[in-house]
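The structure appears below as C-alpha cells.
The values are calculated or read from the model by the stated rules, or taken from the named source; none is laboratory data. Please read all numbers here as calculations on a predicted model, not as lab measurements. Here Cβ is always computed from backbone atoms with ideal geometry, including for glycine, and neighbour counts include all displayed protein chains. Quick note on the areas: whole protein, heavy atoms, side chains included, nothing else; ligands and nucleic acids left out. Shrake-Rupley method; radii C 1.70, N 1.55, O 1.52, S 1.80 Å.
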Amino acid sequence: MRIAYLECFSGISGDMFLGALVDAGVPGALLEETVAALNLGARLEISRVDRSGISAAKVDVYARGEKDKPREQAHHDHHHDHEDGHHHQHEPVELLEHNYARGDAASRAGAPAPHTHEYGRGLKEIREIIGKTKISETAKAKAIAIFEALGKAEAKIHNQDIEAIHFHEVGAVDAMVDIVCAAVGAEALGVDEIVCSSLNVGGGTVKCAHGTFPVPAPATVELLKDAPVYSSGIQAELVTPTGAAIVKTLCTRFAGFPAMKMEKSGYGAGARDFPGHANVVRLTVGEADFEFAAKISQEAITVLEANLDDLNPQVFGYVMDRLLEEGALDAFAVPVQMKKNRPGTLLTVLCRPEDASKLTQLLFTETSTLGVRRREEKRQALARKWVTVDTRWGKIRMKVASMNGTVTNYAPEYEDCRRIAAENHVPLKTVMQEALQKYIPGTDRH
C-alpha cells in the first residue's frame, strides 16, 4: 500500500503543497501544462530556495504579470499603492488579499459589486472552468470539491447560500491555479492515501476583506473542524483557507508518522522566511509493508442503517451521491419487505466513526427515515496500490490488490478507460481488455 505523509509543522498553503509535490517527484512540467490548460493567462515559476538551512522547492504563480504574495503583504502593498495614488481600479483589495471569500451581504454593505473574471467568480463559473480543462475526471472532481469546501465554510460564516458566495480571493487566478494543480499533482503522486500531521496554525492577526481577524482566519477555523491543530507561537498566518481546504479534501486522516518503507520526500517552501524556523511543508512517500497495511485496514468503522419505504427514487440517487461526497467509505441499498407488507429499501452506510454523526444528520435531513441504527464493526482489506500501464491510446492506471506480497486482484481504473474510449472513439471493453493484457502481475510500471 503506497502512502504519503504530509507534515504541516509550519502550516500549509496552496503554493507550499505544490512545492512539496514537485520536490517529491511530480513533474513540474505537468503542473505547467495544467496551468496552460486552464487558459487563465497565468504561469508558474519553479525555483529552489533556502528556508533556515532546508533546501525546498518554491512554486510561484504569476497572474497578469504579477507574483502572488502572502495575504498580509498583499494588503500592505495595496494600502501603500492607494496612498501613493497608484491603485489600479480593476484590482480591488478583495482580489489582492489572497484566500478569503465574500458573500453578497458585503455588496449590500457598500463594497464593490462582484463582476466576472476581474472582481470575482461564483462556484458555477468555477465549476465550468474546471470542467472544460483537459485534466482527468478524478482531478476535476477533487478540484471542484476543494472549492466547494471553501464555499461551504464561507457560506456558513456569512450566513449565505453557497451559490451566493463570490470568491474574490480564492476565486482569483492564483488560487484557481493552486487548487487545480494540487488535485492534478496529488493524483500524479500515485499513492493510495495521503495522511496528515497536526497543523501549526500560527498566531497573531491577519487583515482580510472584512477587517482584522485573529489567526487562524474564520474560514480556516471552519475548514479545520475535527482536525488536530496547535500554535508554536509564530505570529503569522501559517495555515491559509486554501491550504486547509486542500488538506480537508485530499487527506484521508490525521495521524503521527506512519510505519512505512520511505522512498522519497519533498519540501515545499512558503513565501516568508522566519528566523530559526524552516517555513516548509514536508511530503514523504513510501510503501507500507503488509503487516502495517493490514493493521490500518483492521480499523473500527461505523455502520449506519435506515429503512426507507416512501422516498422518491430520484431523491435516493441524490442521497447516495451526497453520502459519498461527505466522506462515506461506501453506501449501498438492498430491497426489503417491511411491515404491512410494503416493499422498501435498506440503506447501509459504512463510514469512519468521526464521520458518523454528520452522516446521520444527512440521512435525517435528506431522507424520510425516522430512525437510523448505528453499530461499530471491524473492517479488513487487502493492501492496494496504483500501477500505470501504457496502451496504444495512452496511460491507464491499474488498481492492484495483494496479500503477503502476492498480487490477488487487479483491474483497470474505470474513469481512465472511459475517458480514453470517448476521446479515441473505441469500445470501452476494448480499452479495458488491452489494459488488462498490458499489466503483468507483480511488476510495477509507475
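Over 31 Å between Cα atoms, which of Lys156/Lys378; Lys248/Lys339; Lys248/Lys385; Lys358/Lys378; Lys58/Lys140 qualify?
Those over the limit are Lys156/Lys378; Lys248/Lys339.
In Å², and per residue, what accessible area does segment 1-63 have when probed at 1.4 Å with the other protein chains present?
It amounts to 33 Å² per residue over segment 1-63.
For Ala141 and Ala333 in one chain, what is 0.36 nm times their gap in residues minus the Cα-Cα distance, to one decimal in nm?
Here the segment from Ala141 to Ala333 would lengthen by 66.7 nm.
With the other protein chains left in place, how much accessible area per residue, in square angstrom, belongs to segment 343-390 at a 1.4 angstrom probe?
So segment 343-390 comes to 56 Å² accessible per residue, rounded to a whole number.
Would you please give the residues with an amide H less than 5 Å from that of Arg253, counting only those at least 5 places away or on a separate chain, with H modeled from the backbone geometry?
Result for Arg253 returns Cys196.
Rounded to the nearest 0.05, what FRET efficiency do Glu305 and Asp161 give with R0 = 35 Å and r taken as the Cβ-Cβ distance? Could you check?
0.65
Students often get this wrong: which residues of segment 177-204 have the backbone nitrogen under 13 Å from the point 7 angstrom along Cα-to-C-beta of Glu415?
It comes to 183-191, nothing else.
Calculate the FRET efficiency for Ser232 and Lys340 from the Cβ-Cβ distance with a Förster distance of 56 Å, rounded to the nearest 0.05. It would help to have the intermediate numbers written out before the result.
Working: r = 62 Å, r/R0 = 1.10.
Result of the calculation: an efficiency of 0.35.
Are there trypsin sites (Lys or Arg not before Pro) in segment 222-265 that DSSP puts in a loop and that have at most 14 other Cβ atoms within 10 Å, and which ones?
In loop regions of segment 222-265 (DSSP not H, G, I, E or B), the sparsely surrounded trypsin sites (Lys or Arg not before Pro) are Lys225.
Once you put a point 7 Å from the Cα of Glu45 and another 7 Å from the Cα of Tyr318, both along the Cβ direction, what distance in nm separates them?
Computed distance between label sites Glu45 and Tyr318 equals 4.8 nm.
Round to a whole number: what % of the accessible area of segment 399-440 belongs to carbon and sulfur, probe 1.4 Å?
52 percent
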